[in-house]
Every structure is written in C-alpha cells, then in structure tokens.
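Enquirer: This structure is in structure tokens; I'll ask about it shortly.
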Amino acid sequence: MSGKIFASGRFVMRFCPAREEVESLAVAHGWAKSSTVQKQPPFSGTEITWSSSGGGSLRYTEDEMTGNCYVVVEATTRGEVQRLGELVLEELLPWEMPELVFAVDNAADEIEFGLSVIRLGIAAPPHRDDQIFRRVRSALTHDDVRVRDMAIVATTYSPWPEYVPILRDIAQSDPEPKLRQRSRLVLESYTDAGIGENE
C-alpha cells in the first residue's frame, strides 16, 4: 500500500487464539497472506497480515502479554475501512464496545474486573473516550494491587495524555514496587512517543 492509510480501531476477539477463523475470512474474500511477524518483548506475540488486491489489509494480533487477540483493518479510504470493519463485525463477531463496557461494570470479582479493563483498553480509540477513561481511571486507583497492575497494562494500547498524571502518581507513590516500576516504564514509552499530560 502507498499514500495515506486509514485504519480501524482494534476489534477484540471473543476467544484467543482465533487465527483459523481470521484466516478463513481472509481466504473467503481472496486476500493473500503478506506477512507474519513475531513481536518482541514487552509486546510479545504474533502479528499476521493479509492483503487485498484493492489495497486493503487485515492485521491479526495474538497478544501474549494479555492473552487477547484482536484485528485491525487498513485501507486507502475511510469508506473502505468502514466496509471492512463491518465485514469483521458480521463474520468474526468480536466484542462490541457496549459489551466491553458492560463487562467492566458487571465484573463478578477483582480479577474479572481487571481483565475486562484490559479488553476495554485494547479496544480504546486513539483519542480519549470519556466512558472508557472513567473506567480505566477507576481501575488505576483501585484498592486491589492486581487491578491496578492490569489497568496499567490497559493504558499502553491507546496512550492518552489524560493517563499521564495518574501513572505518575502510581510511579511515585504506589505501595507496590513492581507497579511503581511498571508505571515508570509506561511513562517512558509515552515520552518517547511525544505524549504528555498537556497534549
């Protein structure tokens, strides 16, 4: 593909791995596998891309860090991204945003809450969405260290400037050393990407 490329958000699959299902969709629509990449730590996993003759692509990721799988579609026009996104929704049946929000709000325990927040973070758009931000913020300040830990991971997928002061507080004053260190690393990645709280 050349020129300007538009991309969808991340479609989080209901189960992982989902490689066979995604490949079946690609093959059914005549898309050829164009690359397979083994991603390195800290974002270990496998990324497979199928490309269409029309310039679109379907990128599937198996995320080893969180045990989730997700799909992103790319194309040279927004209209084509929308069309391909609708195809993914219809044929792969990933989690939709209202379901992800519901899962966070109705989690049975702290572990389920944290895992649901991670899925919500993966599906988050590039720019702040209030309903997502409120829930991730709640997890970042949760009493349970396991929830805070998972929430820190959730902030790495769509690094919003609004997370910076919360992550800084964790890095400076969380009682758990591991979380202080993890927050520092995430903040470093934000800085490397040019993201600050006043963005």
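Enquirer: How large, in Å, is region 123-199 by the Kirkwood hydrodynamic radius built from its alpha-carbon pairs?
Expert: 12.2 Å
Enquirer: For CYS16, CYS69, what's the fewest-to-most ordering of other Cβ within 10 Å of each Cβ? Mind showing how you got there, number by number?
Expert: Working: CYS16 17, CYS69 25.
By the 10 Å Cβ count, ascending: CYS16, CYS69.
Enquirer: In debye to the nearest 20, how big a dipole does region 6-92 give about its Cα centre with +1 on each Lys and Arg Cβ and -1 on each Asp and Glu Cβ? Before the final figure, lay out the partial values.
Expert: Numbers: 8 positive and 12 negative charges, 41 e Å.
In debye, rounded to 20, region 6-92 gives about 200.
Enquirer: With Rg and the Kirkwood Rh both taken from Cα atoms, where does Rg over Rh land for the chain?
Expert: My calculation puts Rg/Rh at 0.98.
Enquirer: Still on this structure, please answer the following. Helix-only mean residue ellipticity at 222 nm, the chain, DSSP H runs n ≥ 4 weighted -39,500 (n - 2.57), per residue, nearest 500. What is it?
Expert: Working: 8 runs with 95 residues, N = 199.
It lands at -15000 deg cm²/dmol.
Enquirer: Suppose every K and R has +1 on its Cβ and every D and E has -1 on its Cβ; what is the size of the dipole of region 97-192 about the Cα centre, in Debye to the nearest 20? Provide the component values of the computation, followed by the final result.
Expert: Working: 12 positive and 16 negative charges, 56 e Å.
That gives region 97-192 a dipole magnitude of about 280 debye.
Enquirer: Among ILE166, ILE5, which comes first, second and so on when ranked by fewest other beta-carbon atoms within 10 Å? Don't skip to the end; give the middle numbers.
Expert: Numbers: ILE166 19, ILE5 14.
Ranked by crowding around the Cβ, least crowded first: ILE5, ILE166.
Enquirer: Identify, among ALA124, ALA107, LEU92, the residue whose Cα sits farthest towards the positive end of the charge dipole of region 23-150, taking +1 on the Cβ of Lys and Arg and -1 on the Cβ of Asp and Glu, with the dipole about the Cα centre.
Expert: Looking along the dipole axis, the top candidate is ALA124.
Enquirer: About its Cα centre, what dipole magnitude does the chain give when the only charges are +1 on Lys and Arg Cβ and -1 on Asp and Glu Cβ, stated in debye to the nearest 20?
Expert: Details: 21 positive and 31 negative charges, 101 e Å.
The calculated dipole for the chain is roughly 480 debye.
Enquirer: Treating the Cα atoms of region 41-88 as identical point scatterers in vacuum, please give the log10 of the normalised Debye intensity I(q)/I(0) at q = 0.20, 0.21, 0.24, 0.26 Å⁻¹, two decimals.
Expert: Each listed q maps to, in turn, -0.67, -0.71, -0.82, -0.89.
Enquirer: Next question, about the same structure. Hey, what's the Cα Rg ratio for region 1-105 versus the globular rule of thumb, 2.2 N^0.38 Å? If you can, show how the numbers build up before the last one.
Expert: Details: Rg = 13.6 Å, N = 105, 2.2 N^0.38 = 12.9 Å.
Computed over Cα atoms of region 1-105, the ratio equals 1.06.
Enquirer: Most exposed first by the Cβ proxy, i.e. fewest other Cβ within 10 Å, how do HIS127, HIS29, HIS142 rank?
Expert: Details: HIS127 10, HIS29 14, HIS142 18.
Ordered by Cβ neighbours within 10 Å, fewest first: HIS127, HIS29, HIS142.
The numbers here are math on the coordinates, done by the rules we state, and not lab data. Everything numeric here is computed off the predicted structure, so don't read it as measured data. Note that we place each Cβ from the backbone using ideal geometry, even for glycine, and neighbour counts take in every protein chain shown.
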